[in-house]
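Here is the structure we will look at.
The values are calculated or read from the model by the stated rules, or taken from the named source; none is laboratory data. Predicted model only: the values in this text are computed from it and were never measured. Because the Cβ atoms are built from the backbone with ideal geometry, glycine has one as well, and the counts that use them run over all protein chains shown. Note: areas computed on protein heavy atoms with side chains; ligands, DNA, RNA excluded. Shrake-Rupley method; radii C 1.70, N 1.55, O 1.52, S 1.80 Å.
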Amino acid sequence: MPDPALDAFLDRLRADRAAYRLPPRLHEQVRDWVRSVLALLFPHAAPDATGCDPARVRDEYDAVCATLERLVASLTDDRTHAATVTATWAATLPATRDRLFADADATWRMDPAATSVDEVIVAYPGFLAIACHRLAHPLYSLRVPIVPRLVTEWAHERTGIDLHPGAVIGERFAIDHGTGIVVGETATIGDDVRLYQGVTLGALRVEKSMAAAKRHPTIEDGVVIYANATILGGDTVIGARSVIGGNSWLTRSVAAGSFVPGGQRDERAERP
């Protein structure tokens, strides 16, 4: 028996598909690309540990670049721009690899449960989240649509750690446990910073009109932020070498070297 309402609904679905312009299965394509980049950079992720022939490594590098160029071109409809973006991103890979090994070493040094840097690279969700962020951030800076967010969201799905690709993160970044961490788009994190599970570096107000504003805090060098601390606001600066106790709530800046006891709020910050 004809069902006009169902027919109208199916017509709407068909129209949506006809108007859709993103590449098919984009999420899966980006996921597979990230895995191939990690396999290129780390023998820990390589499908074949014996694959160290120079020609093979070059083939893997070329395949990573070709896939990225194809993805960018499919989203921008501009092959020349896609080639430029890919070349610029590829030029960051040597430094990215070095930074990631330094991140893994920092995690190993700060975590007594870590038995080796290899264990951090293979098993630690925090390292995977950091790796995906460091791959995605240059693409975000180059204004590549959608791909940077899909890279970090794949890590989010795998780890429960949400690092926006726009956040600026310094050297030797370490995440312990990590589940529930949220770092917003305009957050700035200095060198030698340590975050524990449940930390939020968020916006004090969530309004679309603030899209171009700095909405998330600045964390200076050497800061340690313990579990479930929440730090909000684009004007909030956590001074260098400060320690923020677990379950703290901050919407105001604290001076360098401050200690915020666990469970305390803005005005309770104190110097050690």
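Observations, loosely collected:
- Residue 98 versus residue 15: modelled label distance in nm, points set 7 Å from Cα along the beta carbon direction: 5.6 nm
- Each of 170, 138, 206 was scored by the projection of its Cα onto the charge dipole of the chain, and the greatest displacement toward the positive side belongs to 206; charges sit on the C-beta of Lys, Arg, Asp and Glu.
- Net +/- balance of residues flanking residue 100 in space, Cβ distance below 11 Å, scoring K and R +1, D and E -1: 0
- Per residue, the chain reaches -15000 deg cm²/dmol at 222 nm when only DSSP H runs of four or more residues are counted, each adding -39500 (n - 2.57).
- Gain upon complete extension [residue 1, residue 90; 0.36 nm per residue less C-alpha separation]: 26.2 nm
- Electrostatic dipole magnitude of the stretch 154-264 [Cβ: Lys, Arg +1; Asp, Glu -1; Cα centre; debye, to 20]: 260 debye
- Neighbours of residue 143, meaning other residues whose beta-carbon lies under 15 angstrom from its beta-carbon, give a summed charge of -2 when Lys and Arg score +1 and Asp and Glu score -1.
- R0 of 35 Å, Cβ-Cβ distance residue 22-residue 115: FRET efficiency to nearest 0.05: 0.25
- In order through the stretch 170-176: 3J(HN,Hα) via Karplus (6.51 cos²θ - 1.76 cosθ + 1.60), integer Hz, x for Gly, Pro: x, 7, 6, 7, 10, 10, 10
- Charged-residue dipole, Cβ positions (Lys, Arg, Asp, Glu), the stretch 201-272 about Cα centre, Debye nearest 20: 140 debye
- Radius, Kirkwood style, for the stretch 60-99 when every pair of distinct Cα atoms is counted (Å): 10.3 Å
- Two-site FRET efficiency, residue 247 against residue 52, from Cβ-Cβ distance with R₀ of 45 Å, rounded to 0.05: 0.40
- Per principal axis, descending, Cα span of the stretch 33-100 in whole Å: 38, 22, 19
- Alpha-carbon centroids, the stretch 212-242 and the stretch 50-121: separation in whole Å: 28 Å
- Largest GNM mean-square fluctuation among 203, 114, 229, using the chain with Cα springs under 10 Å: 114.
- Computed over the Cα atoms of the stretch 73-168, pair by distinct pair, the Kirkwood hydrodynamic radius stands at 14.3 angstrom.
- Computed log₁₀ I(q)/I(0) - Debye formula, equal Cα scatterers, no solvent, the chain, q 0.12 Å⁻¹: -0.79
- Basic side chains Lys and Arg get +1 at the Cβ, acidic Asp and Glu get -1 at the Cβ, and with that the dipole of the chain about its Cα centre reaches some 560 debye.
- The simple spin-label model puts a point 7 Å past each Cα toward its Cβ; for residue 255 and residue 83 those points are separated by 5.7 nm.
- Rolling a 1.4 Å probe over the heavy atoms of the protein chains gives the chain an accessible area of 51 Å² per residue.
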